[in-house]
Amino acid sequence: MGTDESEVLAYLDKYATVFNKMAQEILSRAGAEGSSNYPNPFNQERLEHLLNSDTKIDANKLMQHQFAYMQKQSELWQAASKVMLGEVMGDTKATPASKDRRFAHQQWDDNPVYKYIKDSYLINAEMVTNMVDSIEFTDPKLKEQAKFFTRQYVNSLSPTNFVLTNPEVCDEILATKGKSLVKGMQAYLEDLEESPLEAFKMRQSDAKAFTLGKNLAYTEGDVVFRNELIELIHYKATSKTQHAIPMLVTPPFINKYYVMDLEEKKSLVKGLLQSGYNVFMISWVNAQEELADYDFADYMRKGPLTAIEVVKQISGQSTVNLTGFCVGGTLCAVAAAYLRGKGDQSIASLTLLTTLLDFSEPGEVGNYFSEDMLPMIEQKAESKGVFDGRIIAMSFSLLRENSLFWSFFIENYLKGKDPAPFDILYWNSDSTNIPAACFKQYLRMTYWEDALKEPGKVVIDDIPIDLGAIDIPSYFLSTIADHIVLWKGAYKGSKLVAGKPRFVLAGSGHIAGVINPTKGGKYPHWVNDALCDTPEQWLDGATEQAGSWWQDWHKWLKPQSGKRSSASAPGAHENYPSLCKAPGNYVLKRLE
(Lines give C-alpha, C1' and ligand atoms only; values in the text may rest on other atoms or scores of the structure.)
Protein backbone atom coordinates (compact mmCIF):
# COMPACT_ATOMS: atom_id res chain seq x y z
CA MET A 1 0.00 0.00 0.00
CA GLY A 2 1.38 3.41 -0.97
CA THR A 3 1.87 6.33 1.38
CA ASP A 4 -1.15 8.20 0.04
CA GLU A 5 -3.46 5.26 0.54
CA SER A 6 -2.22 4.69 4.08
CA GLU A 7 -2.63 8.35 4.85
CA VAL A 8 -6.20 8.63 3.63
CA LEU A 9 -7.18 5.43 5.45
CA ALA A 10 -5.72 6.85 8.64
CA TYR A 11 -7.78 10.01 8.26
CA LEU A 12 -10.87 8.02 7.40
CA ASP A 13 -10.37 5.73 10.36
CA LYS A 14 -10.18 8.77 12.61
CA TYR A 15 -13.08 10.80 11.22
CA ALA A 16 -15.40 8.65 9.10
CA THR A 17 -17.50 7.49 12.03
CA VAL A 18 -17.98 11.08 13.13
CA PHE A 19 -19.17 12.16 9.69
CA ASN A 20 -21.53 9.26 9.25
CA LYS A 21 -23.04 10.15 12.62
CA MET A 22 -23.50 13.70 11.31
CA ALA A 23 -25.72 12.47 8.51
CA GLN A 24 -27.62 10.27 10.96
CA GLU A 25 -28.03 13.21 13.35
CA ILE A 26 -29.75 15.22 10.62
CA LEU A 27 -32.02 12.29 9.80
CA SER A 28 -32.75 11.50 13.44
CA ARG A 29 -33.89 15.05 14.16
CA ALA A 30 -37.12 13.96 12.52
CA GLY A 31 -37.62 11.59 15.43
CA ALA A 32 -36.82 14.09 18.16
CA GLU A 33 -39.48 15.26 20.58
CA GLY A 34 -41.96 17.49 18.81
CA SER A 35 -40.37 17.16 15.38
CA SER A 36 -42.93 14.63 14.15
CA ASN A 37 -45.43 17.49 14.23
CA TYR A 38 -43.66 19.22 11.36
CA PRO A 39 -43.59 18.56 7.62
CA ASN A 40 -40.22 16.77 7.64
CA PRO A 41 -39.62 14.23 4.84
CA PHE A 42 -36.92 12.49 6.91
CA ASN A 43 -39.59 11.25 9.31
CA GLN A 44 -39.64 7.57 8.36
CA GLU A 45 -42.58 6.89 10.68
CA ARG A 46 -44.68 8.86 8.20
CA LEU A 47 -43.56 6.63 5.31
CA GLU A 48 -44.28 3.49 7.33
CA HIS A 49 -47.72 4.84 8.20
CA LEU A 50 -48.49 5.47 4.53
CA LEU A 51 -47.35 2.00 3.46
CA ASN A 52 -49.46 0.40 6.19
CA SER A 53 -52.62 2.31 5.26
CA ASP A 54 -55.49 1.00 3.12
CA THR A 55 -53.46 -0.44 0.24
CA LYS A 56 -53.16 -3.50 -1.96
CA ILE A 57 -50.37 -4.91 -4.10
CA ASP A 58 -50.47 -5.10 -7.88
CA ALA A 59 -48.96 -8.59 -7.97
CA ASN A 60 -48.28 -8.60 -11.72
CA LYS A 61 -46.42 -5.29 -11.60
CA LEU A 62 -44.49 -6.35 -8.50
CA MET A 63 -43.36 -9.60 -10.12
CA GLN A 64 -42.16 -7.73 -13.21
CA HIS A 65 -40.15 -5.34 -11.04
CA GLN A 66 -38.70 -8.23 -9.02
CA PHE A 67 -37.58 -10.12 -12.13
CA ALA A 68 -35.96 -6.96 -13.53
CA TYR A 69 -34.20 -6.38 -10.21
CA MET A 70 -32.87 -9.93 -10.03
CA GLN A 71 -31.60 -9.74 -13.61
CA LYS A 72 -29.75 -6.48 -12.96
CA GLN A 73 -28.25 -7.80 -9.73
CA SER A 74 -27.10 -10.95 -11.51
CA GLU A 75 -25.44 -8.94 -14.28
CA LEU A 76 -23.78 -6.68 -11.70
CA TRP A 77 -22.32 -9.69 -9.87
CA GLN A 78 -21.09 -11.18 -13.13
CA ALA A 79 -19.38 -7.89 -14.02
CA ALA A 80 -17.82 -7.70 -10.55
CA SER A 81 -16.60 -11.30 -10.82
CA LYS A 82 -14.84 -10.50 -14.08
CA VAL A 83 -13.02 -7.64 -12.37
CA MET A 84 -11.77 -10.02 -9.69
CA LEU A 85 -10.36 -12.13 -12.53
CA GLY A 86 -8.52 -9.15 -13.93
CA GLU A 87 -10.96 -8.00 -16.58
CA VAL A 88 -12.27 -4.46 -17.01
CA MET A 89 -15.70 -3.91 -15.46
CA GLY A 90 -18.06 -3.09 -18.31
CA ASP A 91 -21.40 -1.34 -18.30
CA THR A 92 -24.33 -3.01 -16.60
CA LYS A 93 -28.06 -2.48 -16.88
CA ALA A 94 -28.12 -0.43 -13.70
CA THR A 95 -30.21 2.69 -13.89
CA PRO A 96 -28.23 5.08 -16.14
CA ALA A 97 -26.44 7.75 -14.11
CA SER A 98 -24.88 9.72 -16.96
CA LYS A 99 -27.18 12.68 -16.28
CA ASP A 100 -27.03 12.29 -12.49
CA ARG A 101 -24.69 15.03 -11.30
CA ARG A 102 -24.08 13.18 -8.06
CA PHE A 103 -21.94 10.69 -9.99
CA ALA A 104 -20.07 13.09 -12.28
CA HIS A 105 -16.63 12.30 -10.82
CA GLN A 106 -14.64 10.09 -13.20
CA GLN A 107 -13.88 7.47 -10.55
CA TRP A 108 -17.53 6.47 -10.39
CA ASP A 109 -16.95 4.89 -13.81
CA ASP A 110 -13.21 4.17 -13.87
CA ASN A 111 -12.67 2.72 -10.39
CA PRO A 112 -14.28 -0.76 -10.20
CA VAL A 113 -15.00 -0.45 -6.46
CA TYR A 114 -16.77 2.88 -6.80
CA LYS A 115 -18.51 1.73 -9.95
CA TYR A 116 -19.86 -1.32 -8.12
CA ILE A 117 -21.05 0.86 -5.20
CA LYS A 118 -22.75 3.27 -7.59
CA ASP A 119 -24.43 0.60 -9.71
CA SER A 120 -25.53 -1.37 -6.68
CA TYR A 121 -27.07 1.72 -5.11
CA LEU A 122 -28.88 2.68 -8.31
CA ILE A 123 -30.29 -0.82 -8.78
CA ASN A 124 -31.52 -1.00 -5.18
CA ALA A 125 -32.89 2.56 -5.33
CA GLU A 126 -34.84 1.63 -8.45
CA MET A 127 -36.10 -1.53 -6.74
CA VAL A 128 -37.41 0.36 -3.69
CA THR A 129 -39.05 2.99 -5.90
CA ASN A 130 -40.68 0.32 -8.07
CA MET A 131 -41.98 -1.56 -5.03
CA VAL A 132 -43.87 1.54 -3.92
CA ASP A 133 -45.11 1.97 -7.48
CA SER A 134 -46.57 -1.55 -7.23
CA ILE A 135 -48.74 -0.55 -4.27
CA GLU A 136 -52.27 0.65 -5.02
CA PHE A 137 -53.71 3.29 -2.67
CA THR A 138 -57.39 4.11 -2.26
CA ASP A 139 -56.47 7.81 -2.13
CA PRO A 140 -54.24 9.11 -4.99
CA LYS A 141 -52.86 11.81 -2.66
CA LEU A 142 -51.49 9.11 -0.34
CA LYS A 143 -49.79 7.49 -3.32
CA GLU A 144 -48.04 10.75 -4.17
CA GLN A 145 -46.98 11.20 -0.56
CA ALA A 146 -45.59 7.66 -0.40
CA LYS A 147 -43.59 8.23 -3.60
CA PHE A 148 -42.29 11.56 -2.28
CA PHE A 149 -41.16 10.21 1.10
CA THR A 150 -39.64 7.15 -0.57
CA ARG A 151 -37.62 9.38 -2.87
CA GLN A 152 -36.35 11.34 0.12
CA TYR A 153 -35.35 8.11 1.87
CA VAL A 154 -33.62 6.67 -1.18
CA ASN A 155 -31.69 9.85 -1.96
CA SER A 156 -30.58 10.26 1.65
CA LEU A 157 -28.82 6.89 1.37
CA SER A 158 -26.82 7.78 -1.75
CA PRO A 159 -23.15 6.74 -1.42
CA THR A 160 -22.21 10.32 -2.27
CA ASN A 161 -23.52 11.38 1.16
CA PHE A 162 -20.95 9.35 3.12
CA VAL A 163 -17.22 9.78 3.61
CA LEU A 164 -16.10 6.24 2.86
CA THR A 165 -18.04 5.94 -0.39
CA ASN A 166 -17.43 9.29 -2.07
CA PRO A 167 -14.25 9.54 -4.18
CA GLU A 168 -14.37 13.34 -4.26
CA VAL A 169 -14.30 13.43 -0.48
CA CYS A 170 -11.31 11.08 -0.41
CA ASP A 171 -9.48 13.27 -2.93
CA GLU A 172 -10.11 16.32 -0.77
CA ILE A 173 -8.83 14.52 2.33
CA LEU A 174 -5.56 13.72 0.55
CA ALA A 175 -5.19 17.20 -0.89
CA THR A 176 -5.68 18.91 2.48
CA LYS A 177 -4.01 16.23 4.65
CA GLY A 178 -7.21 15.80 6.62
CA LYS A 179 -7.83 19.49 7.30
CA SER A 180 -11.00 19.38 5.18
CA LEU A 181 -12.52 16.93 7.67
CA VAL A 182 -11.81 19.18 10.64
CA LYS A 183 -13.15 22.24 8.84
CA GLY A 184 -16.27 20.37 7.78
CA MET A 185 -16.97 19.25 11.33
CA GLN A 186 -16.60 22.81 12.59
CA ALA A 187 -19.05 24.08 9.98
CA TYR A 188 -21.49 21.31 10.83
CA LEU A 189 -21.43 22.09 14.55
CA GLU A 190 -21.91 25.80 13.87
CA ASP A 191 -24.94 25.13 11.64
CA LEU A 192 -26.37 22.67 14.16
CA GLU A 193 -26.16 25.36 16.82
CA GLU A 194 -28.09 27.77 14.58
CA SER A 195 -30.85 25.27 13.79
CA PRO A 196 -34.20 24.78 15.51
CA LEU A 197 -34.94 21.33 16.90
CA GLU A 198 -37.37 20.54 14.10
CA ALA A 199 -35.12 21.29 11.12
CA PHE A 200 -31.53 21.64 10.03
CA LYS A 201 -30.46 25.06 8.81
CA MET A 202 -27.61 24.46 6.39
CA ARG A 203 -25.52 27.33 5.08
CA GLN A 204 -25.96 27.72 1.32
CA SER A 205 -24.03 30.93 0.75
CA ASP A 206 -21.23 32.92 2.33
CA ALA A 207 -23.16 34.94 4.92
CA LYS A 208 -20.31 37.41 5.34
CA ALA A 209 -20.34 38.35 1.66
CA PHE A 210 -23.56 40.36 1.83
CA THR A 211 -24.78 43.35 3.81
CA LEU A 212 -28.29 44.68 3.35
CA GLY A 213 -28.20 48.29 2.25
CA LYS A 214 -24.71 47.92 0.76
CA ASN A 215 -24.56 45.13 -1.81
CA LEU A 216 -28.15 43.85 -1.47
CA ALA A 217 -31.36 45.87 -1.08
CA TYR A 218 -29.52 49.11 -1.71
CA THR A 219 -31.88 50.88 -4.11
CA GLU A 220 -32.36 54.36 -2.65
CA GLY A 221 -35.59 54.98 -0.79
CA ASP A 222 -37.17 55.77 2.56
CA VAL A 223 -39.44 53.98 4.99
CA VAL A 224 -42.46 56.31 5.11
CA PHE A 225 -44.86 54.23 7.18
CA ARG A 226 -44.66 51.53 9.84
CA ASN A 227 -47.12 49.44 11.83
CA GLU A 228 -46.75 46.20 13.77
CA LEU A 229 -46.66 44.09 10.57
CA ILE A 230 -45.11 46.18 7.81
CA GLU A 231 -42.69 48.90 6.89
CA LEU A 232 -43.58 50.72 3.67
CA ILE A 233 -40.66 51.77 1.48
CA HIS A 234 -41.00 54.54 -1.11
CA TYR A 235 -38.19 54.40 -3.65
CA LYS A 236 -36.38 57.41 -5.06
CA ALA A 237 -37.15 58.13 -8.72
CA THR A 238 -34.38 57.65 -11.27
CA SER A 239 -35.96 60.13 -13.70
CA LYS A 240 -37.53 63.58 -13.45
CA THR A 241 -40.98 62.29 -14.33
CA GLN A 242 -42.92 59.15 -13.44
CA HIS A 243 -46.24 57.56 -14.31
CA ALA A 244 -48.95 59.09 -12.14
CA ILE A 245 -50.54 55.87 -10.82
CA PRO A 246 -48.11 54.30 -8.34
CA MET A 247 -47.04 50.69 -8.02
CA LEU A 248 -47.31 48.82 -4.69
CA VAL A 249 -45.36 45.55 -4.47
CA THR A 250 -46.32 42.92 -1.89
CA PRO A 251 -43.71 40.19 -1.30
CA PRO A 252 -44.54 36.85 0.34
CA PHE A 253 -44.79 37.17 4.12
CA ILE A 254 -42.84 33.92 4.49
CA ASN A 255 -39.73 35.63 3.04
CA LYS A 256 -37.86 38.92 3.07
CA TYR A 257 -38.76 41.45 0.37
CA TYR A 258 -35.27 42.00 -1.01
CA VAL A 259 -35.40 39.10 -3.45
CA MET A 260 -36.97 41.80 -5.64
CA ASP A 261 -34.13 44.20 -4.89
CA LEU A 262 -30.92 42.22 -5.15
CA GLU A 263 -27.86 43.85 -6.66
CA GLU A 264 -28.64 46.60 -9.16
CA LYS A 265 -28.52 44.51 -12.32
CA LYS A 266 -31.03 41.99 -10.91
CA SER A 267 -33.34 44.37 -9.07
CA LEU A 268 -36.99 44.17 -10.13
CA VAL A 269 -37.48 47.44 -8.22
CA LYS A 270 -34.72 49.15 -10.18
CA GLY A 271 -36.19 47.87 -13.44
CA LEU A 272 -39.56 49.44 -12.62
CA LEU A 273 -37.96 52.73 -11.62
CA GLN A 274 -35.96 52.89 -14.82
CA SER A 275 -39.19 52.41 -16.79
CA GLY A 276 -40.68 55.41 -15.03
CA TYR A 277 -42.89 53.79 -12.40
CA ASN A 278 -43.43 55.19 -8.90
CA VAL A 279 -42.60 52.20 -6.69
CA PHE A 280 -43.60 51.35 -3.12
CA MET A 281 -42.62 48.11 -1.38
CA ILE A 282 -44.00 46.31 1.67
CA SER A 283 -41.38 44.89 4.02
CA TRP A 284 -42.87 42.34 6.45
CA VAL A 285 -41.96 42.05 10.11
CA ASN A 286 -40.12 38.91 11.21
CA ALA A 287 -42.87 37.84 13.59
CA GLN A 288 -42.27 36.92 17.21
CA GLU A 289 -44.54 35.34 19.82
CA GLU A 290 -46.35 38.59 20.69
CA LEU A 291 -47.93 38.57 17.20
CA ALA A 292 -49.28 35.02 17.57
CA ASP A 293 -52.94 36.05 17.19
CA TYR A 294 -52.54 37.97 13.92
CA ASP A 295 -54.23 35.93 11.22
CA PHE A 296 -54.29 36.03 7.41
CA ALA A 297 -57.09 38.61 7.43
CA ASP A 298 -54.98 40.83 9.72
CA TYR A 299 -52.09 40.54 7.28
CA MET A 300 -54.44 41.66 4.51
CA ARG A 301 -55.82 44.61 6.49
CA LYS A 302 -52.55 45.83 7.98
CA GLY A 303 -50.52 44.88 4.92
CA PRO A 304 -51.71 45.71 1.38
CA LEU A 305 -54.99 47.41 2.39
CA THR A 306 -53.30 49.82 4.78
CA ALA A 307 -50.41 50.35 2.36
CA ILE A 308 -52.84 51.15 -0.48
CA GLU A 309 -54.39 53.96 1.55
CA VAL A 310 -50.98 55.39 2.46
CA VAL A 311 -49.75 55.21 -1.15
CA LYS A 312 -52.92 56.94 -2.39
CA GLN A 313 -52.38 59.80 0.05
CA ILE A 314 -48.69 60.19 -0.78
CA SER A 315 -49.23 60.06 -4.54
CA GLY A 316 -52.47 62.06 -4.59
CA GLN A 317 -54.03 59.33 -6.76
CA SER A 318 -57.27 57.47 -6.18
CA THR A 319 -55.92 54.13 -7.43
CA VAL A 320 -52.74 52.04 -7.31
CA ASN A 321 -51.33 49.18 -9.36
CA LEU A 322 -50.91 46.20 -7.04
CA THR A 323 -48.31 43.47 -7.51
CA GLY A 324 -47.97 40.33 -5.38
CA PHE A 325 -45.33 37.61 -5.42
CA CYS A 326 -46.10 33.97 -4.45
CA VAL A 327 -47.97 34.00 -1.10
CA GLY A 328 -48.01 37.79 -1.41
CA GLY A 329 -49.91 37.32 -4.66
CA THR A 330 -52.52 35.16 -2.98
CA LEU A 331 -52.87 37.85 -0.31
CA CYS A 332 -53.23 40.56 -2.97
CA ALA A 333 -55.91 38.61 -4.84
CA VAL A 334 -57.92 38.20 -1.64
CA ALA A 335 -57.44 41.91 -0.91
CA ALA A 336 -58.64 42.83 -4.42
CA ALA A 337 -61.75 40.64 -4.08
CA TYR A 338 -62.39 42.07 -0.62
CA LEU A 339 -62.26 45.65 -1.91
CA ARG A 340 -64.46 44.78 -4.88
CA GLY A 341 -66.93 43.25 -2.43
CA LYS A 342 -67.06 46.61 -0.63
CA GLY A 343 -67.46 48.53 -3.87
CA ASP A 344 -63.97 50.01 -3.47
CA GLN A 345 -62.20 50.88 -6.74
CA SER A 346 -58.74 51.57 -5.26
CA ILE A 347 -56.87 48.96 -7.33
CA ALA A 348 -56.23 49.93 -10.94
CA SER A 349 -54.55 46.67 -11.97
CA LEU A 350 -53.38 43.42 -10.38
CA THR A 351 -50.15 41.56 -11.15
CA LEU A 352 -49.62 38.10 -9.65
CA LEU A 353 -46.15 36.55 -9.90
CA THR A 354 -45.87 32.76 -9.44
CA THR A 355 -49.11 32.71 -7.45
CA LEU A 356 -51.65 30.00 -6.70
CA LEU A 357 -55.34 30.84 -6.40
CA ASP A 358 -56.62 27.38 -7.29
CA PHE A 359 -54.82 24.87 -5.04
CA SER A 360 -56.06 21.68 -6.68
CA GLU A 361 -52.53 21.16 -8.06
CA PRO A 362 -50.30 22.22 -5.16
CA GLY A 363 -47.27 20.30 -6.38
CA GLU A 364 -44.99 18.46 -3.99
CA VAL A 365 -45.56 21.05 -1.26
CA GLY A 366 -48.91 19.32 -0.75
CA ASN A 367 -47.11 16.14 0.33
CA TYR A 368 -46.24 17.77 3.63
CA PHE A 369 -49.89 18.00 4.71
CA SER A 370 -52.31 15.22 5.57
CA GLU A 371 -55.37 14.75 7.73
CA ASP A 372 -53.34 13.46 10.67
CA MET A 373 -50.36 15.80 10.26
CA LEU A 374 -52.17 19.12 9.87
CA PRO A 375 -53.67 19.32 13.39
CA MET A 376 -50.29 18.46 14.90
CA ILE A 377 -48.53 21.12 12.84
CA GLU A 378 -51.11 23.68 13.93
CA GLN A 379 -50.86 22.66 17.57
CA LYS A 380 -47.08 23.01 17.57
CA ALA A 381 -47.28 26.45 15.94
CA GLU A 382 -49.78 27.49 18.62
CA SER A 383 -47.47 26.34 21.40
CA LYS A 384 -44.66 28.57 20.11
CA GLY A 385 -46.83 31.43 18.86
CA VAL A 386 -45.12 31.35 15.45
CA PHE A 387 -44.18 28.88 12.77
CA ASP A 388 -40.39 28.93 12.43
CA GLY A 389 -39.36 30.15 8.98
CA ARG A 390 -36.29 27.91 8.99
CA ILE A 391 -38.57 24.87 8.84
CA ILE A 392 -40.28 26.30 5.78
CA ALA A 393 -36.90 27.01 4.14
CA MET A 394 -35.71 23.44 4.74
CA SER A 395 -39.01 22.02 3.49
CA PHE A 396 -38.73 23.97 0.23
CA SER A 397 -35.08 22.93 -0.21
CA LEU A 398 -36.08 19.30 0.15
CA LEU A 399 -38.42 19.58 -2.81
CA ARG A 400 -35.13 19.49 -4.73
CA GLU A 401 -33.16 17.51 -2.18
CA ASN A 402 -30.14 16.50 -4.26
CA SER A 403 -29.38 19.98 -5.58
CA LEU A 404 -30.55 22.12 -2.66
CA PHE A 405 -29.75 19.95 0.36
CA TRP A 406 -27.41 17.00 -0.07
CA SER A 407 -25.07 18.82 -2.45
CA PHE A 408 -24.43 21.41 0.28
CA PHE A 409 -24.07 18.68 2.91
CA ILE A 410 -21.29 17.13 0.82
CA GLU A 411 -19.53 20.38 -0.07
CA ASN A 412 -19.81 22.06 3.34
CA TYR A 413 -19.22 19.18 5.72
CA LEU A 414 -17.69 16.19 3.94
CA LYS A 415 -15.33 18.26 1.79
CA GLY A 416 -14.94 21.23 4.15
CA LYS A 417 -15.59 23.81 1.44
CA ASP A 418 -16.85 27.33 2.06
CA PRO A 419 -20.08 28.01 0.15
CA ALA A 420 -19.70 30.55 -2.63
CA PRO A 421 -21.38 33.96 -2.36
CA PHE A 422 -24.77 33.68 -4.05
CA ASP A 423 -27.32 36.42 -3.48
CA ILE A 424 -30.46 34.34 -4.08
CA LEU A 425 -29.28 31.54 -1.76
CA TYR A 426 -28.30 34.13 0.87
CA TRP A 427 -31.84 35.50 0.68
CA ASN A 428 -33.24 31.95 0.78
CA SER A 429 -31.49 31.32 4.11
CA ASP A 430 -32.76 34.60 5.61
CA SER A 431 -35.99 33.12 6.92
CA THR A 432 -39.10 34.80 8.33
CA ASN A 433 -41.45 33.55 11.04
CA ILE A 434 -45.22 33.48 10.54
CA PRO A 435 -47.68 34.13 13.40
CA ALA A 436 -49.47 30.94 14.43
CA ALA A 437 -52.93 32.30 13.60
CA CYS A 438 -51.88 33.44 10.13
CA PHE A 439 -50.11 30.17 9.40
CA LYS A 440 -53.15 28.12 10.44
CA GLN A 441 -55.70 30.21 8.53
CA TYR A 442 -53.58 30.30 5.37
CA LEU A 443 -52.97 26.53 5.32
CA ARG A 444 -56.61 25.68 5.94
CA MET A 445 -57.91 28.16 3.39
CA THR A 446 -55.50 27.19 0.63
CA TYR A 447 -53.66 23.86 0.61
CA TRP A 448 -56.20 22.01 2.74
CA GLU A 449 -59.66 23.32 1.77
CA ASP A 450 -58.82 24.98 -1.58
CA ALA A 451 -61.50 27.48 -0.61
CA LEU A 452 -60.57 30.55 -2.65
CA LYS A 453 -61.83 29.16 -5.94
CA GLU A 454 -65.35 28.81 -4.53
CA PRO A 455 -67.14 32.20 -4.41
CA GLY A 456 -68.19 33.10 -0.89
CA LYS A 457 -66.61 30.13 0.87
CA VAL A 458 -64.12 32.51 2.51
CA VAL A 459 -65.76 35.41 4.35
CA ILE A 460 -63.83 38.33 5.88
CA ASP A 461 -65.62 41.07 7.85
CA ASP A 462 -68.95 39.71 6.57
CA ILE A 463 -67.74 40.20 2.98
CA PRO A 464 -67.78 37.05 0.81
CA ILE A 465 -64.52 36.68 -1.10
CA ASP A 466 -65.28 36.16 -4.79
CA LEU A 467 -62.27 36.15 -7.10
CA GLY A 468 -64.70 36.43 -10.00
CA ALA A 469 -65.47 39.97 -8.84
CA ILE A 470 -61.92 41.02 -9.77
CA ASP A 471 -62.78 42.74 -13.04
CA ILE A 472 -59.70 44.95 -13.30
CA PRO A 473 -56.82 44.32 -15.73
CA SER A 474 -54.73 41.45 -14.37
CA TYR A 475 -51.35 39.97 -15.31
CA PHE A 476 -50.33 36.42 -14.33
CA LEU A 477 -46.67 35.37 -14.52
CA SER A 478 -45.62 31.75 -14.00
CA THR A 479 -42.33 29.96 -14.60
CA ILE A 480 -42.06 26.72 -16.51
CA ALA A 481 -39.70 24.91 -14.10
CA ASP A 482 -41.29 26.16 -10.87
CA HIS A 483 -41.30 23.35 -8.30
CA ILE A 484 -43.20 25.34 -5.64
CA VAL A 485 -46.01 26.87 -7.72
CA LEU A 486 -46.63 24.58 -10.69
CA TRP A 487 -47.36 26.72 -13.72
CA LYS A 488 -50.35 24.66 -14.81
CA GLY A 489 -51.85 25.08 -11.36
CA ALA A 490 -51.20 28.83 -11.47
CA TYR A 491 -52.84 28.97 -14.91
CA LYS A 492 -56.09 27.75 -13.35
CA GLY A 493 -56.05 30.87 -11.16
CA SER A 494 -56.14 33.11 -14.21
CA LYS A 495 -59.47 31.50 -15.13
CA LEU A 496 -61.03 32.53 -11.81
CA VAL A 497 -60.90 36.30 -12.31
CA ALA A 498 -63.07 38.43 -14.58
CA GLY A 499 -61.99 40.90 -17.24
CA LYS A 500 -59.21 40.01 -19.68
CA PRO A 501 -56.33 38.53 -17.68
CA ARG A 502 -52.98 38.19 -19.44
CA PHE A 503 -50.99 35.04 -18.76
CA VAL A 504 -47.25 34.86 -19.47
CA LEU A 505 -44.92 31.92 -18.92
CA ALA A 506 -41.25 32.55 -18.19
CA GLY A 507 -38.28 30.21 -18.36
CA SER A 508 -36.48 28.74 -15.33
CA GLY A 509 -37.87 28.37 -11.81
CA HIS A 510 -39.69 30.03 -8.95
CA ILE A 511 -37.10 32.73 -8.26
CA ALA A 512 -34.65 32.82 -11.18
CA GLY A 513 -37.50 32.96 -13.69
CA VAL A 514 -38.99 36.02 -12.01
CA ILE A 515 -35.69 37.78 -11.33
CA ASN A 516 -34.66 37.75 -14.98
CA PRO A 517 -33.66 41.33 -15.87
CA THR A 518 -34.13 43.00 -19.23
CA LYS A 519 -30.38 43.47 -19.66
CA GLY A 520 -28.60 40.15 -19.61
CA GLY A 521 -31.68 38.07 -18.86
CA LYS A 522 -30.87 34.42 -19.57
CA TYR A 523 -34.33 32.94 -19.91
CA PRO A 524 -37.01 33.31 -22.60
CA HIS A 525 -40.73 33.71 -22.07
CA TRP A 526 -43.89 32.58 -23.88
CA VAL A 527 -46.87 34.78 -24.71
CA ASN A 528 -50.36 34.05 -26.01
CA ASP A 529 -53.03 36.76 -26.16
CA ALA A 530 -55.75 34.12 -25.84
CA LEU A 531 -56.67 32.54 -22.51
CA CYS A 532 -57.42 28.98 -23.58
CA ASP A 533 -59.46 26.40 -21.70
CA THR A 534 -56.41 24.40 -20.61
CA PRO A 535 -52.76 25.27 -19.97
CA GLU A 536 -51.70 22.72 -22.59
CA GLN A 537 -53.80 24.49 -25.23
CA TRP A 538 -52.38 27.83 -24.14
CA LEU A 539 -48.79 26.58 -24.50
CA ASP A 540 -49.50 24.99 -27.90
CA GLY A 541 -50.62 28.39 -29.19
CA ALA A 542 -47.95 30.42 -27.41
CA THR A 543 -45.00 32.15 -29.07
CA GLU A 544 -41.55 31.99 -27.53
CA GLN A 545 -39.89 35.37 -27.04
CA ALA A 546 -36.18 35.78 -26.35
CA GLY A 547 -35.11 37.55 -23.17
CA SER A 548 -36.85 38.77 -20.07
CA TRP A 549 -40.61 38.89 -19.49
CA TRP A 550 -40.08 42.28 -17.77
CA GLN A 551 -40.42 44.08 -21.11
CA ASP A 552 -43.80 42.51 -21.76
CA TRP A 553 -44.96 43.39 -18.24
CA HIS A 554 -43.77 47.00 -18.40
CA LYS A 555 -45.49 47.41 -21.76
CA TRP A 556 -48.72 45.99 -20.28
CA LEU A 557 -48.41 48.25 -17.21
CA LYS A 558 -48.02 51.46 -19.18
CA PRO A 559 -51.69 52.03 -20.13
CA GLN A 560 -52.70 51.16 -16.55
CA SER A 561 -50.37 53.75 -15.05
CA GLY A 562 -51.53 57.13 -16.36
CA LYS A 563 -49.58 60.01 -17.84
CA ARG A 564 -46.15 61.00 -16.60
CA SER A 565 -45.76 63.89 -14.20
CA SER A 566 -43.06 65.30 -11.93
CA ALA A 567 -41.57 62.65 -9.65
CA SER A 568 -42.20 62.99 -5.91
CA ALA A 569 -39.42 62.66 -3.37
CA PRO A 570 -39.78 59.92 -0.71
CA GLY A 571 -40.55 61.40 2.70
CA ALA A 572 -41.69 64.75 1.29
CA HIS A 573 -45.34 64.29 2.28
CA GLU A 574 -46.05 66.09 5.55
CA ASN A 575 -48.04 63.17 6.98
CA TYR A 576 -45.53 60.56 5.92
CA PRO A 577 -42.01 61.82 6.56
CA SER A 578 -39.01 59.55 6.30
CA LEU A 579 -38.74 57.25 9.32
CA CYS A 580 -35.42 55.80 8.15
CA LYS A 581 -33.59 54.97 4.95
CA ALA A 582 -34.28 51.81 2.97
CA PRO A 583 -34.00 48.90 3.49
CA GLY A 584 -35.54 49.76 6.87
CA ASN A 585 -35.42 47.94 10.19
CA TYR A 586 -37.78 44.98 9.89
CA VAL A 587 -35.76 43.32 7.16
CA LEU A 588 -32.62 43.30 9.32
CA LYS A 589 -34.07 40.91 11.92
CA ARG A 590 -32.56 37.47 11.31
CA LEU A 591 -33.40 34.12 12.87
CA GLU A 592 -30.06 33.36 14.46
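Figures for the structure shown
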quantity: Listing of helices (runs of 4 or more DSSP H) fully contained in the range 345-446 that carry 2 or more residues being of a type in the set (D, E, K, R) and on the phi < 0 side of the Ramachandran plot; calculated: 373-384
quantity: Matching entry among Leu452, Leu414 (being open to solvent by less than 10 Å² (accessible area, probe 1.4 Å) and closer than 15 Å to Phe296 by Cα); calculated: Leu452
quantity: Among residues of the range 152-183, those that are among the charged types (D, E, K, R) and crowded, with 20+ Cβ neighbours inside 10 Å, counted; calculated: 1
quantity: Lys56 at pLDDT 60 or above, over 30 Å from Met202 (Cα atoms), open to solvent by 60 Å² or more (accessible area, probe 1.4 Å) and in contact with a strand residue (DSSP E or B) (Cβ under 6 Å, 6 or more places away or on another chain); calculated: yes
quantity: Yes/no for Gly329 being open to solvent by less than 10 Å² (accessible area, probe 1.4 Å), touching a strand residue (DSSP E or B) at 6+ places or on another chain (Cβ under 8 Å) and of a type outside the set (Asp, Glu); calculated: yes
quantity: Options Lys240, Lys236, Lys143, Lys177: the member that is within 26 Å of the chain's Cα centre (by Cα) and of a type outside the set (Gly, Ala, Ser); calculated: Lys143
quantity: Residue that is least open to solvent (accessible area, probe 1.4 Å) [pool: residues in the range 549-592 that are in contact (Cβ under 8 Å) with a residue 40 or more places away in the chain and polar (S, T, N, Q)]; calculated: Ser561
quantity: Of all residues in the range 199-240 being touching a residue at least 60 places away in the same chain (Cβ under 8 Å), of a type in the set (D, E, K, R) and over 11 Å from Pro583 (Cα atoms), the one that is most open to solvent (accessible area, probe 1.4 Å); calculated: Lys240
quantity: Complete set of residues in the range 481-529 that are of a type in the set (Phe, Trp, Tyr) and modelled with pLDDT under 95; calculated: none
quantity: Condition check for Phe296: farther than 21 Å from Trp553 by Cα and crowded, with 24+ Cβ neighbours inside 10 Å; calculated: yes
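Each row is one residue, and each column tells you yes or no for (1) assigned to a helix (DSSP H, G or I); (2) open to solvent by 60 Å² or more (accessible area, probe 1.4 Å); (3) of a type in the set (D, E, K, R); (4) closer than 27 Å to Thr55 by Cβ.
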| residue | (1), (2), (3), (4) |
| --- | --- |
| Lys118 | yes, no, yes, no |
| Ile123 | yes, no, no, yes |
| Met127 | yes, no, no, yes |
| Lys143 | yes, no, yes, yes |
| Phe148 | yes, no, no, yes |
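The values are calculated or read from the model by the stated rules, or taken from the named source; none is laboratory data. Predicted model, so just to flag it, every value in this text is computed and none were measured. Heads up, the Cβs are rebuilt from the backbone with ideal geometry, glycines too, and the neighbour counts pull from every protein chain shown. Ligands, DNA and RNA are excluded from the accessible area calculation, which covers all protein heavy atoms including side chains. Shrake-Rupley method; radii C 1.70, N 1.55, O 1.52, S 1.80 Å.
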